[in-house]
């Protein structure tokens, strides 16, 4: 596995784990902000799972294998589960995860560019934009 695909695999694992965490937040959400956050979390987990697919396909296009199951993804991710059910607590946790994933993607951009892989860098820059926008939306929901 190249350094680029190794880094992409880490981004993929965190993206997938955040998608699952966001889906769980969508299911387990309680509190006065239920109606607005339920829909927001729903669109966010769908976007994250689509992004995971795109990342995995890029790994394959580069000639390496994508992770083959939950165990390998779980071993690689830094995303932590939450037991929170209150909408605002969930929004804060997810916001912080998006910020962390944006920073991870920024590091991965440098790895891709150092390897001369502008297509992967472009994909990751798009992920940074998506994570930053999602963090902002979650932050605005907390205001």
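Annotations for the structure displayed:
- Residues in the range 32-59 that are without any contact (Cβ under 8 Å) to a residue 24 or more places away in the chain, more than 12 Å from the chain's Cα centre (by Cα) and surrounded by 12 or more Cβ atoms within 10 Å (Cβ to Cβ) were compared, and the one that is nearest to residue 129 (Cα to Cα) is 43.
- Residue in the range 60-105 that is farthest from residue 136 (Cα to Cα), counting only those that are part of a loop (DSSP other than H, G, I, E, B) and under 13 Å from the mean Cα position of the chain (by Cα): 77
- Test: residue in the range 80-88 that is in contact with a strand residue (DSSP E or B) (Cβ under 8 Å, 6 or more places away or on another chain), on the phi > 0 side of the Ramachandran plot and either modelled with pLDDT under 95 or buried (at least 20 other Cβ atoms within 10 Å of the Cβ) (or both): no
The values are calculated or read from the model by the stated rules, or taken from the named source; none is laboratory data. None of the values given here were measured: they were computed from a predicted structure. Neighbour counts are summed over all protein chains in view; Cβ atoms, including those assigned to glycine, are modelled from backbone coordinates with ideal geometry.
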